[in-house]
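Worksheet: the structure to be examined is printed underneath.
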Amino acid sequence: MEGSLSGLLMLQEVDLLLDRERAELAGIPGELSIVEAELAAARNDFAGVESRLADLASAQKKCESEKTEARQKLAEYRTKLLSLRTNAEYKAMLEQIAYVEKRIDDIDSRTLELMYEEDGTRGSIEDARKKLDRYSERASKKKELLAEREKSLREEISRLEGDRTARAAEVSVRLLRKYEQLRMSGRSSAVVGLVRGACGGCHTNVPPQNAVEIGQGVSYSCPICGRYVVDLDGNRGPAEGV
Ligand SMILES: [Zn+2]
């Protein structure tokens, strides 16, 4: 293989690693925001149950004070009843008393409903709290892992960048320029292997004469995709993602 071409192949190996690690690094903020969003949702659920419990407690308090008021009124009416002289007045007061008694019954059943709902809500606040604890723990672990991963990726990338500079220096300017053009056009592998007599990038057959020359190390550029086709050991090209 042409000296510069094998240098290009090594450069490409470094670039493929760099691409992969940079892509992983770029994905970290997204992973973090997923973790944050899950945690925020769990916090929100918990806060929702908590505020429902507070509402239930204040509704029960309100019922209590309404009941106290109604009872006072009832006692007042019953005392008044004794002092009434006419049948009409007496009848009217009995009606008022019945009304207040009915009101007290209503308050009692409302209080029962509230207590019943409170019991259920206490059960769900336990669940929401457990869920929140679980999510908090998971989020902090995940954040820690992502921070570690980010640190090691940055170190690895800067090491590879140094490596890349050194390797690029060994490749001829002409090849390097062509290679950069291919990469910029979105081809992650600018150098591919000759695979069963075809370009390892686009699978176009290579004319037999050219295939022989590739085997001899002559540089060959695929007329269809423009990639350099080289004879890799065992004729197997690097994994290609176009
Ligand atoms: Zn091709």
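Go through the stretch 171-221 and give me each residue that's within 16 Å of the ligand (Cβ to nearest atom), without any contact (Cβ under 8 Å) to a residue 24 or more places away in the chain and among the hydrophobic types (A, V, I, L, M, F, W, C). Those that are within 16 Å of the ligand (Cβ to nearest atom), without any contact (Cβ under 8 Å) to a residue 24 or more places away in the chain and among the hydrophobic types (A, V, I, L, M, F, W, C): ALA198, VAL206, ALA211, ILE214. Within the stretch 38-90, the residues that satisfy the criterion of being of a type outside the set (A, V, I, L, M), under 30 Å from LYS142 (Cβ atoms) and surrounded by 14 or more Cβ atoms within 10 Å (Cβ to Cβ) are GLU38, ARG43, ASP45, PHE46, GLU50, ARG52.
Of all the residues that make up the stretch 7-40, how many are free of Cβ contacts under 8 Å to residues at least 24 places away in the same chain and farther than 20 Å from SER158 by Cα?
Residues flagged as free of Cβ contacts under 8 Å to residues at least 24 places away in the same chain and farther than 20 Å from SER158 by Cα within the stretch 7-40 amount to 5.
A Cβ distance below 7 Å, combined with a sequence gap of six or more or placement on separate chains, defines the contacts here; from the stretch 66-81, residues that are without any contact (Cβ under 8 Å) to a residue 40 or more places away in the chain reach no residue that is aliphatic (A, V, I, L, M) and loosely packed, with under 14 Cβ neighbours inside 10 Å. Scan the stretch 207-232 for residues that are assigned to a loop (DSSP other than H, G, I, E, B) and under 18 Å from LYS178 (Cβ atoms) and jot them down. Within the stretch 207-232, GLY217, VAL218, SER219, TYR220, CYS222, PRO223, ILE224, CYS225, GLY226, ARG227 qualify.
For ALA166, the conditions (1) more than 16 Å from the ligand (Cβ to nearest atom); (2) hydrophobic (A, V, I, L, M, F, W, C); (3) surrounded by 15 or more Cβ atoms within 10 Å (Cβ to Cβ); (4) part of a helix (DSSP H, G or I) are fulfilled apart from (3).
Read-outs throughout are calculated quantities, based only on the coordinates presented, and are distinct from any laboratory measurement. Only a predicted model underlies this, so the values are computations on that prediction, with no experimental measurement involved. When we count neighbours, we look across all protein chains shown, and the Cβ atoms used for this are built from the backbone with ideal geometry, even at glycine.
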